[in-house]
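K.L.:
Structure incoming, see below.
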Amino acid sequence: MSDRRVVVTGLGPVSPLGCGKETFWNAILEGKDGSCNVQRFDTSQYKVHRACEVQGYVAPKLPGDPGPAAALAVEAARLALEDANFAEIPQQSGVVMGTTGGEIPILEHIHRQQAEQGEDQVPRRQFPKYPCHTITAQVARYFGLKGPNLMVPTACAAGNYAFAMAKDWIQEGRCDVVLAGGADPLSIVSFTGFSRLFAISPDVPRPFDKNRKGILPGEGAGILVLEAYESAQKRGAHIYAEMVGYGLSCDAYHPTMPHPESMGVRLAMERALADAGLTPADVDYISAHGTGTQANDKLETAAIRAVMQDQAERVPVSSVKSMMGHTMGAASALEGIVCSMAIQSDMIPPTIHYETPDPDCDLDYVPNQARQHPVGVALNNAYAFGGNNSCVVFARHPR
Amino acid sequence: MSQSHAPVVITATSALTPFGCGGEDFWLGITQATHSPSEKEVPALDVKALLGPRGLRHWDRTALLLGCAARLAMNEGDWEQAGYQPDEAGVVFGSTHGSIEAIVSFDKEAVAEGPRYVNPQAFANTVINAPAGRLAMHFDLPGLNTTVSSGLSSVLDAIGYAEGMIRRGRIQAVLCGGALGWSPAIAWGYERNQRLAVNGQPSPPFDAAGEGGSLREGAGVLLLECPERAAARNRQPLAKITGSGACFEPDVSSPSFSGPESAIRFALKQAGREADELAAVVSCARGLALTDEVEFKALANLVPETVPITAPAGACGDSLETVGALAMITAVEMLTHGQIPKIAGGRPRPGLNLVLEQTQSFAPGPVLVSSWDPEGHGAAVILEPG
């Protein structure tokens with residue numbers, strides 16, 4: 001079973017740039033700016049006021065009125081399954097998703113109700129909606145899926161962790177199809193925390209630009225339908241890409257700061273390439289973690305240089321967080337969709353808001369304009385609080 | 001990356017419960033207790049002795065419990081002699097609530113004082129994977145760091161995931177388990193929803209009308225290793241993991257609803273075992289009919305009535321997903337001692353051979369550990385003598 005190949009057959013983005021594959025990808029190629037003034041909550045007590053919210057999205061009505069992360073996840077799954085075009089969704093399909101805060105807005109709502117109205121006035125059914133595994137449970141329940149079901153809350157690298165787990169499930173024969181991705185709603189806790197770390201940009205995110213001032217918190221969900229190749233082939237499914245490898249690691253250095261020599265990031269990328277049986281010369285595009293903070297972008301650049309060696313300057317590297325902000329646990333899931341579409345269309349997304357080169361960030365970041373470029377192999381980098389690092393390798397199918 | 005063909009082994013365990021710190025206190029507690037302890041917290045936890053005097057200021061209680069349990073497991077497993085390179089070892093944490101008290105206090109401070117006055121250092125603890133990250137930093141374990149969540153089944157799923165990562169050669173050794181620090185937020189949230197005992201009178205596991213157990217702190221860590229590496233240093237395994245399974249039941253009202261049955265079937269199949277070969281079952285039943293009745297039905301359908309069944313939560317209380325870690329450690333201890341502890345406070349029910357009167361002898365053989373979460377997540381692990 002371990003030789004089974006795993007392919008991408010459906011894409012479901014719900015993002016600040018729009019929902020659905022075509023809307024999302026067109027916005028990416030246009031270099032659309034998904035930022036806005038925060039609408040979800042009052043930011044008058046903060047020094048920063050910008051974020052990236054999902055606009056024009058109607059949350060699906062779900063039994064039990066679950067939290068916003070579950071609604072985002074179900075909609076992303078619906079779009080991905082629609083795109084995968086199953087005659088009948090296999091009941092034994094699995095669901096695995098990542099998140100940073102999960103349904104943390106549920107807790108935020110409880111705390112504000114407690115403060116304003118007293119503890120007894122909080123509806124008792126609120127709290128059981130908080131645990132993050134309710135998100136994948138809602139997805140599976142909505143579509144009647146009985147396969148393995150798991151949340152992987154490894155913060156902002158979580159989508160990639162979910163892809164990795166899905167690949168293992170399929171290769172081990174636990175299921176033929178997995179809905180894999182990530183979801184996070186915009187949260188007050190996250191906005192407050194990043195603002196107290198002075199890590200939120202006052203206007204827009206500028207990954208890899210010398211004048212970058214931080215992230216813009218975002219929200220969204222992204223789902224890939226990952227499927228055993230023989231299953232996809234049998235039903236004549238459209239194959240966007242093949243997931244050919246992954247690498248995981250941990251900085252084991254600091255809860256929020258990246259390792260100063262990028263040791264964990266390098267290990268994840270090296271493991272991913274080795275797992276895929278590829279070398280740096282095979283890589284055509286890197287979807288960077290690229291948050292827009294001073295430390296991340298400098299150290300990610302150093303890691304790419306260390307791993308890619310003499311290929312580093314050849315390979316385009318871009319950060320779609322410049323357009324859709326940092327969607328936390330959804331980020332690498334949405335970026336997995338970006339990698340799949342880049343392979344599909346031989347187009348590389350831009351890094352927008354790029355104006356001033358930084359000597360510490362000296363790679364080809366595809367500034368401001370999408371670029372036509374053959375993409376046979378794409379790496380998807382994602383890192384997280386807690387020191388979690390990940391890299392997933394997607395490749396053209398057939399290669 | 002070389003795959004191992006022999007089962008992954010467990011070479012050390014450590015449990016922290018209101019009975020005390022370490023395996024002996026835990027085994028004594030679950031074999032002698034008649035009900036869950038009145039203490040809510042782990043007593044006499046000497047954090048500085050176990051984790052050192054520095055660098056712990058920003059650790060929350062859950063991370064401290066996980067760290068102390070990990071240190072004890074590493075001590076028992078002669079970790080320093082194992083000679084693992086840093087990138088060969090990692091951490092897998094089964095948790096759904098993470099450091100929930102840290103999240104709650106961070107947000108409540110923002111509500112009370114305003115967002116400009118919260119402590120930015122506390123933000124790092126608001127991600128669910130924070131305790132696992134703390135562990136990796138403290139013990140320098142960069143090889144793997146994953147937190148998995150499936151509610152009350154989280155730790156058994158973590159064990160299954162860690163076992164697979166070792167078997168596939170992606171990592172050589174994993175500290176795997178769960179922890180729950182005392183949480184007023186959880187007590188408030190679940191007592192109001194009748195998921196924990198509200199009257200101070202916990203129900204015993206598998207009580208048909210169980211109204212919940214008593215929330216208690218707990219932590220359990222198991223050291224999982226590649227069998228070849230354990231053998232190379234003459235480390236005798238305590239047990240080996242021969243199978244694991246997971247399932248989800250989307251519709252509890254469906255006639256075909258079978259709870260964790262398919263997880264158990266998958267685990268047995270992977271182990272190459274039939275249900276009638278089981279020597280015992282350790283259940284994560286906790287005195288809550290909402291979960292216990294589903295597991296009861298699945299076990300009654302699958303497991304011959306001769307197979308003895310225990311459930312340690314009756315003795316050590318309900319530490320939510322951490323009960324999975326304590327159930328795993330119970331199974332390991334059973335294989336070591338050749339005994340199966342009784343279900344503290346348990347009452348007889350036809351259909352299953354619940355161990356009720358006293359600790360029984362049993363011939364060590366395959367042991368099933370199973371769990372069920374009311375969202376629909378089932379998990380199962382098969383352990384066998386090392």
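K.L.:
Where the only charges are on Cβ atoms (+1 Lys, Arg; -1 Asp, Glu), what is the dipole of region B:243-385 about its Cα centre, to the nearest 20 debye? Walk me through the intermediate numbers first.
P.N.:
Values: 8 positive and 17 negative charges, 52 e Å.
In total the dipole reaches around 240 debye.
K.L.:
Binning at 5 angstrom from zero up to the longest distance, how are the C-alpha pair distances of region B:243-385 distributed in percent?
P.N.:
Once binned at 5 Å, the Cα pair distances of region B:243-385 give 2, 11, 22, 26, 22, 12, 3, 1, 0.
K.L.:
For the protein assembly as shown, just run the numbers: alpha carbon Rg, then divide by 2.2 N^0.38 Å, N being how many residues it has. Please report the intermediate quantities before stating the final value.
P.N.:
Working: Rg = 24.4 Å, N = 785, 2.2 N^0.38 = 27.7 Å.
Ratio of Rg to 2.2 N^0.38 Å for the protein assembly as shown: 0.88.
K.L.:
Further, regarding this structure: Threshold 20 Å², probe 1.4 Å: give the residues of region A:152-183, in number order, that are less accessible with all protein chains present than with their chain alone.
P.N.:
The answer is A:P153, A:T154, A:Y161, A:M165, A:D168, A:E172, A:R174 - residues whose exposure falls by at least 20 Å² when every protein chain is included.
K.L.:
Taking square-rooted eigenvalues a ≥ b ≥ c of the alpha carbon gyration tensor, is region B:8-232 rounded, prolate or oblate, where a/c under 1.5 means rounded and, failing that, a/b exceeding b/c means prolate? Intermediate values should be presented prior to the final figure.
P.N.:
On the way: a/c = 1.74, a/b = 1.22, b/c = 1.43.
It is oblate, given that a/c is not under 1.5 and a/b is not larger than b/c.
K.L.:
If you roll a 1.4 Å probe over chain A with all protein chains in place, what percent of the accessible area is carbon or sulfur? Present the calculation step by step, with values, prior to reporting the outcome.
P.N.:
On the way: 6010 of 12790 Å².
Carbon and sulfur atoms account for 47 percent of the accessible area of chain A.
K.L.:
Work out which helices of chain B, taken as complete DSSP H runs, extend at least 20 Å along their axis over the Cα atoms and score a mean Kyte-Doolittle of -0.5 or more, then list them.
P.N.:
Result, helices passing both filters: B:61-76, B:322-337.
K.L.:
Can you classify chain A as rounded, prolate or oblate using the Cα gyration tensor, where a ≥ b ≥ c are the square roots of its eigenvalues, rounded means a/c under 1.5, and otherwise it's prolate if a/b beats b/c and oblate if not?
P.N.:
Values: a/c = 1.63, a/b = 1.08, b/c = 1.51.
Since a/c reaches 1.5 but b/c is at least a/b, the shape of chain A is classed as oblate.
K.L.:
Just to confirm, what accessible area per residue do you get for chain A at 1.4 Å probe, in whole Å²?
P.N.:
Details: 12790 Å² over 399 residues.
So chain A comes to 32 Å² accessible per residue, rounded to a whole number.
K.L.:
Taking θ = phi - 60°, what integer Hz values does the Karplus form 6.51 cos²θ - 1.76 cosθ + 1.60 yield along region B:356-369, in sequence order, with x for Gly and Pro?
P.N.:
Result, ordered by residue: 10, 7, 7, 4, 10, 7, 8, 7, x, x, x, 10, 8, 10 Hz.
K.L.:
Near B:K269, which lysines are there with a Cα under 26 Å away, not counting those fewer than 8 places off in the same chain?
P.N.:
Answer for B:K269, where 26 Å is the Cα cut-off: A:K146, A:K167, B:K240, B:K297, listed by chain and number.
K.L.:
Give the distance, in whole Å, between the Cα centre of region A:2-20 and the Cα centre of region A:281-311.
P.N.:
23
K.L.:
Right, another one. If you roll a 1.4 Å probe over region B:8-232 with all protein chains in place, what percent of the accessible area is carbon or sulfur?
P.N.:
Details: 3370 of 7090 Å².
In region B:8-232, the share of accessible area belonging to carbon and sulfur is 48 percent.
K.L.:
Work out the length of the dipole vector of region A:7-395 about its Cα centre, built from +1 on the beta-carbon of each Lys and Arg and -1 on the beta-carbon of each Asp and Glu, and round it to the nearest 20 debye. Don't skip to the end; give the middle numbers.
P.N.:
Working: 29 positive and 42 negative charges, 146 e Å.
That gives a dipole near 700 debye.
K.L.:
To continue, here is another question. Suppose we compare each residue of region A:235-260 in its chain alone and in the full protein complex with a 1.4 Å probe; which ones drop by at least 30 Å² of accessible area?
P.N.:
Going by heavy-atom accessible area, the residues of region A:235-260 that drop by at least 30 Å² are A:Y246, A:L248, A:C250, A:A252, A:P255.
K.L.:
Going highest first, how would you order A:114-126, A:343-355, A:79-91 by mean Cβ packing within 10 Å? Intermediate values should be presented prior to the final figure.
P.N.:
Working: A:114-126: 12.1, A:343-355: 21.6, A:79-91: 16.6.
For the peptides A:114-126, A:343-355, A:79-91, the packing ranking is A:343-355, A:79-91, A:114-126.
K.L.:
To continue, here is another question. Counting only protein heavy atoms and rolling a 1.4 Å probe, how much accessible area do A and B lose on contact, total for both sides, in Å² to 100? Spell out each step's value before the answer.
P.N.:
On the way: alone 15700 and 15520 Å², together 25350 Å².
Separately minus together, A and B give about 5900 Å² buried.
K.L.:
Keeping all protein chains in place, calculate the accessible area per residue for region B:8-232 (probe 1.4 angstrom), answer in Å².
P.N.:
32
The values are calculated or read from the model by the stated rules, or taken from the named source; none is laboratory data. Bear in mind that the values here come from a model prediction, so they are computed numbers and not experimental data. Note that we place each Cβ from the backbone using ideal geometry, even for glycine, and neighbour counts take in every protein chain shown. Note: areas computed on protein heavy atoms with side chains; ligands, DNA, RNA excluded. Shrake-Rupley method; radii C 1.70, N 1.55, O 1.52, S 1.80 Å.
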